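Peer 1: Once you've had a glance at the structure underneath, I'll fire off some questions.
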Amino acid sequence: MSKTILTIDDSASIRQMVALTLKGAGLNVIEAGNGAEGLTKATTETVHAVITDLNMPVMNGLEFLRKFRQHPAGKGVPVILLTTESDDELKRQARESGATGWIVKPFKQDQLLAVVKKVTGA
Amino acid sequence: MKLTEPMRALTLRLDDELFAIEAQSVREILDLVPVTEVPNASPFAAGLINVRGRVVPLADLKVAFGMHRAKADQDTRIVVIETEIGSEPTVVGILADKVYDVTDIEPAAIEEAPRVGMRWRPDYVRGIGKRQGSFIIIPDLNRIFETQGRRSAPSSASEERAAS
Amino acid sequence: MSSDPAETFRQEARELLEQLEQGLLDLEQNPADADLVNSVFRALHTIKGSGAMFGFTDVAAFVHEFETAFDRVRKGHSPVTGELVAIALDAKDHVHTLIEDPQSAIDAGVPILEALRALVEPDRFPAAPMPAAKPAPVAEPAAPAAASRWRIRFHLPSDALLYGTNPVLLLGEIAELGPCEITALTDAVPTLDAIDLEDSYLGWQVDLTHLDPTAALDDVFLFLKDGMDLSIEPLVDAAPTIAQLAAEADEVELHAVTEAVALREPEGERTDRATVTTGTSLRVPAERLDELMDRVGELVIAQARLSQMAAHSADPNLKTVAEELERLSSGLRDTTMGIRMVPIGSLFARFRRLVHDLSRDLDKQIEFITSGEETELDKTMIERLADPLVHLIRNAVDHGLEGAEARVQAGKPVKGTVRLSAVYAGAEVTISVTDDGAGLDAARIRQKAEEQGLLTPDQRLSDQELYQLIFAPGFSTAKEVTSLSGRGVGMDVVKRTIDGLRGKIELSTVPGEGTTATLRLPLTLAIIEGMLVRVGNGRYSIPLSAVEECVELPASADIASRGRSFLDIRGSLVPFLRLREVFAASGEPDGHQKVVIVSSSEGRVGLVVDQIIGNTQTVIKQLSKLHSGLETFSGATILGDGTVALILDTSHLVSYGQAQEQQLGRAA
């Protein structure tokens, strides 16, 4: 049975790209446009990994991450953050908030796939 | 016109001549339906018909070719085609006195329309084919609609009549 | 959505740029609003990120610089000024060009960025250099010759499991590097009563055969390096001495798991003024909506036919079903029309930028007030209203509003006011553009009209009729032609567009106090109420919104006579047209001819017909090029009995009637 990945990003074009890439690799993809929507989907549906942007309206990526980790459904689910910088401070913050890993934007499709494979084994 | 393959065409009769319309531009063939006359339109496209809920102009090629127009009878059909008017794809109906069948006309059987001595404007005719001993005229529909389409009578003339 | 992500990006970018513009304009009014600065910043950030993703590298590069400069503002190092907003708006325009027409734009960005940087401060905020990642602790490699077996030991941070790391996958990655033996290290596992099920206590030891796995392991532990214990040592292939074993035992330390997850206080999400409202909405290609409209139109036609059949039938069941269907199709029509309805606010937002630019260009201070943004109109109508409204606003600013001096002299505030509002009025929408400027000069209009031969000196006109002359082609009372207006090209196009939307436009003014242009538009375009009439053997539909009243043609006027054809309708004279003659109808006219009085923004005309049949819902179908040149007809429709009826273009008929009347008036 194929795994389901949740992609959260307020940019429809990025969501589309992520969805296309992952579906091409045989994964299921569900989408959300901001952290709040993402939180709802992540806690009500079976999700094997989450890829989320940081900068979003309504609820940003870090906030989503923290809330997700507090929820029973969020424990142990890999969450990858999409960041535009790779500075240490951000990574530390990310890790402390509960991120499993990160991808630096702009990223190529195979990079995305590699990271998803790494954290889900899919 | 130079063809490499046989032309698949619908043959129809207008007055006493045979015409061929490329089969791929034919959408459907209808029996006569009520025609709404468009006041002040050119006689070439004097009416409108309803084709499956779509308002389609009805054209009479006989006007373009200066042919005699008899009254309609039980053989009369309307051939609904897709053509281009001013590079805009348009659906129009053309009157046919009788519709025959769809046949293939061999490229070898098609000749250029003679520049002079022909009954009609040479620019309206793409070529003349021959089938089973009869001549078949292949009209240049795009050209005909372009030219004739520009001839709607100006409304001002009719309106002047009305205010007097 | 387009299946091409680049196209989706472009669409998205357009929306973001609009948001950006509104945000900047809002910021100008509220320079201290931190939320606005943040939302501007966020928009830039998203465009940059997505731009880079989809190959728009020029865009990403430019926006990066833009963002960097704005970051100073965000951090409070630089204030928001009108100057800044103006340059930022230029920068936004440049981004727009870069996305839509990249060929034309590349060099234009440099001066904008320089201006931006100069404003925000000469020493640019240094971009944080990418620091080298801290290397994982690696033991000194032993003598190269023997280094083909390695001992890797690691303990994950205690929250690793909670945070989604799967050690099995990590071990799997290591195992891919070469043959290995894996052992679990249980020394850190506490007693049962102290175990927290979510924590990670296990460690692992992997003895791996590999040339030098350091780099590969960097990759495996990419996300964990900084928080975990990791040791990589070459193994000497000899059997370990007891001393070595003991030494190894010492190296294994018990880690007290002390990292507390420091949860920061959430920063309190404040709702920004320019937030995107992500409700549950759906993006649908416009063509699908049009298709849907067509289907609904066809349904309405078919239902009308059924109703007609039911009316002639004695079957009560048929009648009931027909009634039900009529109710349902009417509801469906309303809902579908509703989908095409879009708030006019989207259009109003565009004008803020226009007024802002006009204010700078003309050096006039302007207060731009809008109301009724939530008023909804048909989508196609909104698009067609854009140009006319731009013209009207330009006129108001350019010609209506006086310069600062003149205003002060007149006792008015220096800031001129332009008000744009939209409101429902029955089955119509009323949109008005008001300015508090000098008002229309009736004498000047009159003079200009006489100069242009539109009026004779002794011709008497009401004020309203006089103002309508402004809409005549070529008319302009502007003393000078500015680059913005005054060429007289605008107003007649405005009127034609409004007429094309089956609407009306009126002007009213109070000299010295201001002018108002009022547009009245019907609410829907594609399906309208029509009055069906018969002229000779043909039936025609007249849009009900244009119909004022119907009267009988008095016998005195029935006698065809040369000279004026007028009806006296309660004191005013209305010209009439005999449609039988316009349409060259055959046969004899009916005994009592009827007159349908229709109006447009230009006036009224009576249309003489044989019979008035009744009102029907009319689905408007466009005429093909073969007939679209006939100005008398604006379209066609299909009646209940399946036949086609032409729809009369009442605006044109009124114009014609008015023109006739004037010609005859001159001749008399």
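Peer 1: Spot the failing condition for A:THR100; the list is (1) more than 24 Å from C:ALA52 (Cβ to Cβ); (2) crowded, with 21+ Cβ neighbours inside 10 Å, and only one is missed.
Peer 2: Unmet for A:THR100, out of (1) more than 24 Å from C:ALA52 (Cβ to Cβ); (2) crowded, with 21+ Cβ neighbours inside 10 Å: (1).
Peer 1: Being within 14 Å of chain C (Cβ to nearest Cβ), among the acidic types (Asp, Glu), in a strand (DSSP E or B) and free of Cβ contacts under 8 Å to residues at least 40 places away in the same chain, is that true of even one residue in segment B:11-34? Show your work before the answer.
Peer 2: As a first pass, look at segment B:11-34 and keep what is within 14 Å of chain C (Cβ to nearest Cβ): B:30-34.
Next, only the ones that are among the acidic types (Asp, Glu) stay: B:31.
Filter once more, keeping what is in a strand (DSSP E or B): B:31.
Now narrow it down to the ones that are free of Cβ contacts under 8 Å to residues at least 40 places away in the same chain: none.
The answer is no; no qualifying residue exists.
Conditions (1) under 20 Å from A:VAL18 (Cα atoms); (2) more than 8 Å from chain C (Cβ to nearest Cβ), marked per residue:
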| residue | (1), (2) |
| --- | --- |
| A:ALA42 | yes, yes |
| A:ALA49 | yes, no |
| A:ALA73 | no, yes |
| A:VAL77 | yes, no |
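Peer 1: Please give the number of the condition C:LEU440 fails out of (1) farther than 14 Å from C:LEU392 by Cα; (2) more than 29 Å from the chain's Cα centre (by Cα).
Peer 2: (1)
Peer 1: Same structure, new question: Just wondering, is there one or more residues in segment C:142-152 that are touching a helix residue (DSSP H, G or I) at 6+ places or on another chain (Cβ under 8 Å), at pLDDT 80 or above and either outside any helix (DSSP H, G or I) or of a type outside the set (Gly, Ala, Ser) (or both)?
Peer 2: The answer is yes, given that some residue of segment C:142-152 is touching a helix residue (DSSP H, G or I) at 6+ places or on another chain (Cβ under 8 Å), at pLDDT 80 or above and either outside any helix (DSSP H, G or I) or of a type outside the set (Gly, Ala, Ser) (or both).
Peer 1: Give the number of residues within segment C:353-367 that are surrounded by 17 or more Cβ atoms within 10 Å (Cβ to Cβ) and under 23 Å from C:LEU16 (Cβ atoms).
Peer 2: 3
Peer 1: Being of a type in the set (Ser, Thr, Tyr) and over 26 Å from C:LEU354 (Cβ atoms) narrows it down to one of C:THR46, C:THR97, C:THR57, C:THR81, so name that one. Step through it out loud before you land on a result.
Peer 2: On the way: C:THR46 fails: over 26 Å from C:LEU354 (Cβ atoms); C:THR97 fails: over 26 Å from C:LEU354 (Cβ atoms); C:THR81 fails: over 26 Å from C:LEU354 (Cβ atoms).
Sole residue among the options that is of a type in the set (Ser, Thr, Tyr) and over 26 Å from C:LEU354 (Cβ atoms): C:THR57.
Peer 1: Restricting to segment B:74-101, what's the tally of residues that are in contact (Cβ under 8 Å) with a residue 12 or more places away in the chain and farther than 17 Å from C:SER624 by Cβ?
Peer 2: 9
Peer 1: Sticking with this one: Search segment C:633-642 for residues being surrounded by 22 or more Cβ atoms within 10 Å (Cβ to Cβ) and facing chain B (nearest Cβ under 7 Å), and hand back the single one that is nearest to C:SER655 (Cα to Cα).
Peer 2: Applying the filter and picking the extreme gives C:ALA636.
Peer 1: Select from segment C:73-91 the residues that are within 26 Å of the chain's Cα centre (by Cα) and free of Cβ contacts under 8 Å to residues at least 60 places away in the same chain and list them in ascending order.
Peer 2: Here is the first cut: in segment C:73-91, the ones within 26 Å of the chain's Cα centre (by Cα) are C:82, C:84-91.
Listed by number, the residues that qualify are C:GLY82, C:LEU84, C:ILE87, C:ASP90, C:ALA91.
Peer 1: Same structure, new question: Output the residues belonging to segment A:56-71 that are facing chain C (nearest Cβ under 8 Å) and either free of Cβ contacts under 8 Å to residues at least 40 places away in the same chain or in contact with a Pro (Cβ under 8 Å, 6 or more places away or on another chain) (or both).
Peer 2: Within segment A:56-71, A:VAL58, A:MET59, A:GLU63, A:ARG66, A:ARG69 meet the criteria.
Peer 1: Please give the number of the condition A:TRP102 fails out of (1) among the hydrophobic types (A, V, I, L, M, F, W, C); (2) closer than 18 Å to C:ASP219 by Cα; (3) modelled with pLDDT of 90 or more.
Peer 2: Going through the list (1) among the hydrophobic types (A, V, I, L, M, F, W, C); (2) closer than 18 Å to C:ASP219 by Cα; (3) modelled with pLDDT of 90 or more, A:TRP102 breaks only (3).
Peer 1: Within segment C:383-418, can you find the residues that are without any contact (Cβ under 8 Å) to a residue 12 or more places away in the chain, part of a helix (DSSP H, G or I) and over 24 Å from the mean Cα position of the chain (by Cα)? Steps first, please.
Peer 2: Within segment C:383-418, the first condition is being without any contact (Cβ under 8 Å) to a residue 12 or more places away in the chain, and the residues that meet it are C:383, C:405, C:407-409, C:411, C:413.
Narrowing further to those that are part of a helix (DSSP H, G or I): C:383, C:405, C:407-409.
C:GLU405, C:ARG407, C:VAL408, C:GLN409, listed by residue number.
Peer 1: Starting from residues that are crowded, with 23+ Cβ neighbours inside 10 Å and among the β-branched types (Val, Ile, Thr), keep the ones in segment C:529-547 and report whichever is nearest to C:ASP378 (Cα to Cα).
Peer 2: Among those that are crowded, with 23+ Cβ neighbours inside 10 Å and among the β-branched types (Val, Ile, Thr), it is C:ILE542.
Peer 1: When segment A:71-117 is examined, which residues are found to be over 13 Å from the mean Cα position of the chain (by Cα) and among the hydrophobic types (A, V, I, L, M, F, W, C)?
Peer 2: A:ALA73, A:LEU90, A:PHE107, A:ALA114, listed by residue number.
Peer 1: Within segment A:1-105, which strands (runs of 3 or more DSSP E) (wholly inside it) include 1 or more residues that are farther than 30 Å from C:SER158 by Cβ? Can you show your working first?
Peer 2: Numbers: elements: A:4-8, A:28-32, A:49-53, A:79-83, A:101-104.
The strands (runs of 3 or more DSSP E) meeting that bar are A:28-32.
Peer 1: Output the residue which, of all residues in segment C:28-52 that are touching a Phe, Trp or Tyr at 6+ places or on another chain (Cβ under 8 Å) and of a type outside the set (A, V, I, L, M), is surrounded by the fewest Cβ atoms within 10 Å (Cβ to Cβ). Steps first, please.
Peer 2: Initial filter on segment C:28-52 (touching a Phe, Trp or Tyr at 6+ places or on another chain (Cβ under 8 Å)): C:37, C:40-41, C:44, C:50-51.
From what's left, of a type outside the set (A, V, I, L, M): C:41, C:50-51.
Working: C:PHE41: 18, C:SER50: 28, C:GLY51: 26.
Of everything passing the filter in segment C:28-52, C:PHE41 is surrounded by the fewest Cβ atoms within 10 Å (Cβ to Cβ).
Let's see how each residue does on (1) under 35 Å from the mean Cα position of the chain (by Cα); (2) at pLDDT below 75; (3) of a type in the set (A, V, I, L, M, F, W, C):
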site	(1), (2), (3)
C:ALA472	yes, no, yes
C:VAL481	yes, yes, yes
C:ALA526	yes, yes, yes
C:PHE566	no, no, yes
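Peer 1: Scan segment C:578-598 residue by residue and report those that are surrounded by 23 or more Cβ atoms within 10 Å (Cβ to Cβ) and either among the aliphatic types (A, V, I, L, M) or more than 13 Å from chain B (Cβ to nearest Cβ) (or both).
Peer 2: Within segment C:578-598, C:LEU579, C:VAL582, C:VAL595, C:VAL596, C:VAL598 qualify.
Peer 1: If you take the residues in segment C:31-56 that are assigned to a loop (DSSP other than H, G, I, E, B) and out of contact with any helix residue (DSSP H, G or I) (no Cβ under 6 Å at 6 or more places or on another chain), which one is modelled with the lowest pLDDT?
Peer 2: Residues of segment C:31-56 assigned to a loop (DSSP other than H, G, I, E, B): C:31-33, C:54-56.
Filter once more, so that each one left must be out of contact with any helix residue (DSSP H, G or I) (no Cβ under 6 Å at 6 or more places or on another chain): C:31-33, C:55-56.
Numbers: C:PRO31: 83, C:ALA32: 82, C:ASP33: 82, C:GLY55: 77, C:PHE56: 81.
Ranking the candidates gives C:GLY55 first.
Peer 1: Take the residues of segment C:8-20 that are more than 9 Å from chain A (Cβ to nearest Cβ) and out of contact with any helix residue (DSSP H, G or I) (no Cβ under 6 Å at 6 or more places or on another chain): which is nearest to C:ARG72 (Cα to Cα)? Write out each step before concluding.
Peer 2: First, the residues of segment C:8-20 that are more than 9 Å from chain A (Cβ to nearest Cβ): C:14-15, C:17-20.
From what is left, the residues that are out of contact with any helix residue (DSSP H, G or I) (no Cβ under 6 Å at 6 or more places or on another chain) are C:14-15, C:18.
On the way: C:ARG14: 25, C:GLU15: 25, C:GLU18: 22 Å.
Among those residues, the one meeting the criterion is C:GLU18.
Peer 1: Go through segment C:605-621 and count every residue that is within 13 Å of C:ILE542 (Cβ to Cβ) and modelled with pLDDT of 85 or more. Spell out the reasoning first.
Peer 2: Residues of segment C:605-621 within 13 Å of C:ILE542 (Cβ to Cβ): C:605-609, C:611-616, C:618, C:620.
From the residues that got through so far, the ones that are modelled with pLDDT of 85 or more too are C:605-609, C:611-614.
So the answer is 9.
Peer 1: Of the residues that sit in segment A:7-36 and are more than 12 Å from chain C (Cβ to nearest Cβ) and crowded, with 23+ Cβ neighbours inside 10 Å, which one is nearest to C:GLU15 (Cα to Cα)? Spell out how you get there, then give the answer.
Peer 2: Within segment A:7-36, the first condition is being more than 12 Å from chain C (Cβ to nearest Cβ), and the residues that meet it are A:7, A:22-30.
Pick out the ones that are also crowded, with 23+ Cβ neighbours inside 10 Å and you get A:7, A:22.
Working: A:THR7: 21, A:LEU22: 26 Å.
Among those that are more than 12 Å from chain C (Cβ to nearest Cβ) and crowded, with 23+ Cβ neighbours inside 10 Å, it is A:THR7.
Peer 1: Moving to a separate point now. Check every one of the helices (runs of 4 or more DSSP H) wholly within segment C:275-371 and list those with 2 or more residues that are under 30 Å from C:ALA396 (Cβ atoms) and aromatic (Phe, Trp, Tyr). Step through it out loud before you land on a result.
Peer 2: Numbers: elements: C:286-312, C:316-339, C:345-362.
In segment C:275-371, the matching helices (runs of 4 or more DSSP H) lie at C:345-362.
Peer 1: Output the residue which, of all residues in segment A:37-53 that are out of contact with any strand residue (DSSP E or B) (no Cβ under 6 Å at 6 or more places or on another chain) and buried (at least 19 other Cβ atoms within 10 Å of the Cβ), is farthest from C:ILE47 (Cα to Cα).
Peer 2: So the residue we want is A:LEU39.
Peer 1: Sort out which residues of segment C:153-194 are outside any helix (DSSP H, G or I) and either of a type in the set (Val, Ile, Thr) or not assigned by TED's automatic domain parsing to the domain that holds C:LEU230 (or both), and write them in order of number. Before you say what the answer is, go through the steps one by one.
Peer 2: We begin by selecting, within segment C:153-194, every residue outside any helix (DSSP H, G or I); these are C:153-166, C:176-191.
Hits for segment C:153-194 are C:THR165, C:ILE182, C:THR183, C:THR186, C:VAL189, C:THR191.
Peer 1: Oh, and also: Looking only at segment C:446-460, filter to residues that are within 17 Å of C:GLN662 (Cβ to Cβ) and within 42 Å of the chain's Cα centre (by Cα); which one of those is surrounded by the most Cβ atoms within 10 Å (Cβ to Cβ)?
Peer 2: This residue is C:ALA449.
Peer 1: Now a separate question. Only one residue in B:ARG52, B:ARG69 is within 10 Å of chain C (Cβ to nearest Cβ) and surrounded by fewer than 18 Cβ atoms within 10 Å (Cβ to Cβ). Which one?
Peer 2: Values: B:ARG69 fails: within 10 Å of chain C (Cβ to nearest Cβ).
Step by step, each of B:ARG52, B:ARG69 is checked, and only B:ARG52 is within 10 Å of chain C (Cβ to nearest Cβ) and surrounded by fewer than 18 Cβ atoms within 10 Å (Cβ to Cβ).
The values are calculated or read from the model by the stated rules, or taken from the named source; none is laboratory data. As the structure is a prediction and not an experimental result, all values here were calculated from the model. Positions of Cβ are generated from backbone atoms using ideal geometry, with glycine treated the same way; all protein chains shown enter the neighbour counts.
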